[in-house]
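Engineer: Once you've had a glance at the structure underneath, I'll fire off some questions.
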Amino acid sequence: MGTYALPDASGHYGPYGGRFVAETLIPALEELEHAYQEAQRDPEFRAELHSELRQFVGRPNPLYHAERVSKELGGAQIYLKREDLNHTGAHKINNAVGQALLARRMGKKRVIAETGAGQHGVATATVATRYGMECLVYMGEEDIQRQSSNVFRMRLLGARVTAVSSGTRTLKDALNEAMRDWVTNVESTFYVIGTVAGPHPYPVMVRDFHRVIGDEARVQCLELTGRLPDCLIACVGGGSNAIGLFYPFIEDKAVRMIGVEAGGLGLSTGQHAAPLTTGRPGVLHGNRTYLMEDEDGQILPTHSISAGLDYPGVGPEHAYLKDSGRAEYVAATDAEALAAFHRLCRTEGIIPALETAHALAHAFRLAPTMRSDQTIIVNLSGRGDKDIHTVAALEGIHL
Amino acid sequence: MSRLAGLFAQLQNAGRAALIPFMTAGDPSLAATVPLMHALVAAGADAIELGMPFSDPMADGPSIQRASERALARGVKLRMVLEWVREFRMTNSHTPIILMGYLNPVEAMGITPFAEAAATAGVDGVILVDLTPEEGRGEAVALQQRGIDPIFLLAPTSGQERVVIVRSMGSGFVYYVSLRGITGAAQADWAAVLQRVQDLRQQLGLPVAIGFGIRDAATVAQVAGGADAVVVGSALVDQLAECATDQEAVATAIRFIKPLAQAVRTAERRSA
């Protein structure tokens, strides 16, 4: 691969990425790109971001050795990068803080966001309040049902939550609706995209705001184990927590990187959300990437137990990393994720998000096949409090 | 001369703008599509924009989103849209047909097979809303090689460098999005739109169509004097959505389009 320097100047990762949007948005994306480049070069912006991540988000968070579950599995040592300990309970806040600071710098008074599980919506509502901005979050009707506590949390934080009833009424439709809002209010509004997808410069910007995950994990792993990890594992919906962990390790060829998609009811059922594992390249939401689509190029409905992974596309950099072979992508089913969820609860005293449980499921499969002196880092991307109603309902318990 | 170039030359002589209604292929029914296209022409449409349904129409408002969803639920596929154009051409060889949609379904077919099939069917222009000229060089060439005009959009937010790139790659006409928003939204400032369109016509050397936010004859009359074409979409789609039968849809289309067709012709007399 040589020295990794993607995306290129026009926002492409090989054939992926780019900028596929209505003409109205092109100048806004160019403005954003320039503002972001300037901010990156500005020591004051970097210092402010760093300070916010320490004082408001609570970074650095630990790299925690999950000894009991590692022992129980009898293989590699599993370490958890504790993004669940961030303020608001997930990795999403890293990016929300970065984009909100950028919005403030650009003089935008109104921020909008799409959300699936609600974690990005909560993170955006949180930073909007913190920086005194108006906030509107688009969320699919189905996700509003599944994630009512996060909806209430956003409202507590002063955000408006708008239900999206078009299409499949999930994350992809919320993204469509947020784009429509942005097209309409492009001069006053900053669109805080929550994942590493969308038109350039979003994928690179969101990656940069999340790379702190991998940067910290790298230092912490060296401190704790004296060497780099053998394997990184993260769940992939759009892929923001995964790219945040992977990116600082891309040049470390000996470090395996595995993204885990939502296998839903099983890949053979078609009821899943695994575009990298089963899909093909296409164009959706402003970028070229792997998609779940039918033979006519219509986007397919997805299924996952976790609203945050229930998305038919994926960040373009993951598409590139898959094709280049640098990263591997597998799937874990709803049932496997649920089993991993319970296992972590009972062994380590940590309730993981159902999204994260997909990464855990694969780690638990892989660890026993590795030696006990080897190391796996799992990105514990979010905590599971938001999911307890879903899990309880599956067990016939009404909370 | 292409049908589009012929139309604009002819209307320049007549001193009036073209009326281009938009309808979603397969809505309000599969069987109504071709009869509706003929009805639009009979009522005075100069060209037709035919929507290729997509599951995720990011730039469209509720009217066209819902029309797309309905059409897809009826099983509309891109090949069927092209087949309807071919059927329309069996009895109409003069009215330009512009397909409008999103890139992904076209890419799923493959741009070369699509361009060939569209040319064979009798398509004159293609608008892919999410394909900018920067990303769409290959597609534009593939279409032009088969005699189909790649039609690009410009918006109130587009700067001079955008105008330059659209001029270098587009043909047929340029679609000016009259507002910062989605299809079907409300429009405030037509004077500013018309001023911009005057400038663009000079700079582009191509006809300029105005679309987004034009819902009635009064507005058509207002903008037709200053543009080469006026596109009416969501308002027609809304009317058709109400129709219970294909006959009703055809009658509704004619009743809706007639005053608009009158308006482009009246605007001409005023400016002549």
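The values are calculated or read from the model by the stated rules, or taken from the named source; none is laboratory data. Just so it is clear, the structure is predicted and the values come from calculations on it, not from any experiment. Please note: Cβ atoms are built from the backbone with ideal geometry, for glycine as well, and neighbour counts cover all protein chains shown. Only protein heavy atoms, including side chains, enter the accessible area calculation; ligands, DNA and RNA are left aside. Shrake-Rupley method; radii C 1.70, N 1.55, O 1.52, S 1.80 Å.
Engineer: For the protein assembly as shown, compute Rh as the Kirkwood radius over C-alpha pairs and then the Stokes-Einstein diffusion coefficient at 4 °C and 1.567 mPa s; write the answer in µm²/s, rounded to an integer.
Structural biologist: In µm²/s, the coefficient rounds to 50.
Engineer: So, one more: Taking just the C-alpha trace of segment B:83-202, give me its Rg and Dmax in Å.
Structural biologist: 15.4, 42
Engineer: While we're looking at this one, here's another question. Can you give me the Cα centroid spacing of segment B:90-118 and segment A:56-129 in angstrom?
Structural biologist: 45 Å
Engineer: Restricting to Cα pairs below 8 Å that are 6+ residues apart, what does the relative contact order work out to for segment A:192-272? Please round to a whole percent. Provide the component values of the computation, followed by the final result.
Structural biologist: Numbers: 110 pairs, mean separation 23.9, N = 81.
The value is 29 percent.
Engineer: Show me the three semi-axes of the equivalent ellipsoid for segment A:201-291, from the C-alpha gyration tensor (sqrt of 5 times each eigenvalue), largest first, rounded to whole Å. Walk me through the numbers before you get to the answer.
Structural biologist: On the way: eigenvalues 149, 57, 20 Å².
Equivalent ellipsoid semi-axes, largest first: 27, 17, 10 Å.
Engineer: Then there is this: Between B:Ala14 and B:His94, how high is the FRET efficiency from 1/(1 + (r/R0)^6) when r is the Cβ-Cβ distance and R₀ = 25 Å? Nearest 0.05.
Structural biologist: Numbers: r = 15 Å, r/R0 = 0.58.
The value I calculate is 0.95.
Engineer: Same structure, new question: Kindly report the accessible area of chain A per residue (heavy atoms of protein chains, probe 1.4 Å, no ligands, DNA or RNA), in Å².
Structural biologist: 34 Å²
Engineer: Further, regarding this structure: If each of A:Thr347 and B:Val164 carries a label point 7 Å out from its Cα toward its Cβ, how far apart are those two points in nm?
Structural biologist: Result for the modelled spin labels: 6.1 nm.
Engineer: Restricting to lysines 8 or more places apart or on different chains, can you count the pairs in the protein assembly as shown with Cα atoms under 19 Å from each other?
Structural biologist: Working: A:Lys71/A:Lys81; A:Lys81/A:Lys92; A:Lys92/A:Lys172; A:Lys92/A:Lys386; A:Lys253/A:Lys322.
So the count works out to 5.
Engineer: Also: Can you find, among B:Ile64, B:Ser29, B:Trp84, the residue farthest towards the positive end of the dipole of segment B:1-111? Put +1 on the C-beta of Lys and Arg, -1 on that of Asp and Glu.
Structural biologist: B:Trp84
Engineer: Let me ask another. When all C-alpha to C-alpha distances in segment B:1-150 are sorted into bins of 5 Å, what percent of pairs does each bin hold, rounded to whole numbers?
Structural biologist: The percentages, shortest bin first, are 2, 10, 19, 23, 21, 16, 8, 2, 0.
Engineer: Hey, another quick one. Can you pull the Kirkwood radius for chain A, inverse mean 1/r over Cα pairs, to one decimal in Å?
Structural biologist: Numbers: mean 1/r = 0.0485 Å⁻¹.
Hydrodynamic radius (Kirkwood, Cα pairs) of chain A is 20.6 Å.
Engineer: Dividing the Cα convex hull volume of segment A:239-321 by residue count, how many Å³ per residue is that?
Structural biologist: Values: hull volume 8.3 nm³, N = 83.
Measuring per residue, one finds 100 Å³ for the Cα hull of segment A:239-321.
Engineer: Roughly speaking, what % of Cα-Cα pairs in segment A:1-126 are separated by over 20 Å, rounded to a whole number?
Structural biologist: It works out to 62 percent of all Cα pairs.
Engineer: Let me ask something else. Can you give me the long-range amide H partners of B:Thr24? Hydrogens built in the peptide plane at 1.01 Å from N, cutoff under 5 Å, separation of 5 or more residues or another chain.
Structural biologist: Long-range HN contacts for B:Thr24: B:Gly51.
Engineer: Working from the pairwise distances between different alpha carbons, so that the mean of 1/r is found and then inverted, what is segment A:146-268's Kirkwood radius in Å? Let's see the in-between values first.
Structural biologist: On the way: mean 1/r = 0.0584 Å⁻¹.
After inverting the pairwise mean of 1/r, the radius is 17.1 Å.
Engineer: While we're on this one: Considering amide H positions built from the backbone, and no H for Pro or chain starts, which residues 5 or more places from A:His12, or on another chain, come under 5 Å of its amide H?
Structural biologist: A:Gly18
Engineer: When the Cα atoms of chain B are enclosed in a convex hull and the volume is divided per residue, what value in Å³ results? If you can, show how the numbers build up before the last one.
Structural biologist: On the way: hull volume 30.4 nm³, N = 272.
Roughly 112 Å³ of hull volume per residue.
Engineer: Can you give the translational diffusion coefficient of segment A:100-191 in µm²/s, computed by Stokes-Einstein from the Kirkwood radius over Cα pairs at 25 °C and 0.890 mPa s?
Structural biologist: Details: Rh = 12.7 Å.
Diffusion coefficient, whole number: 193 µm²/s.
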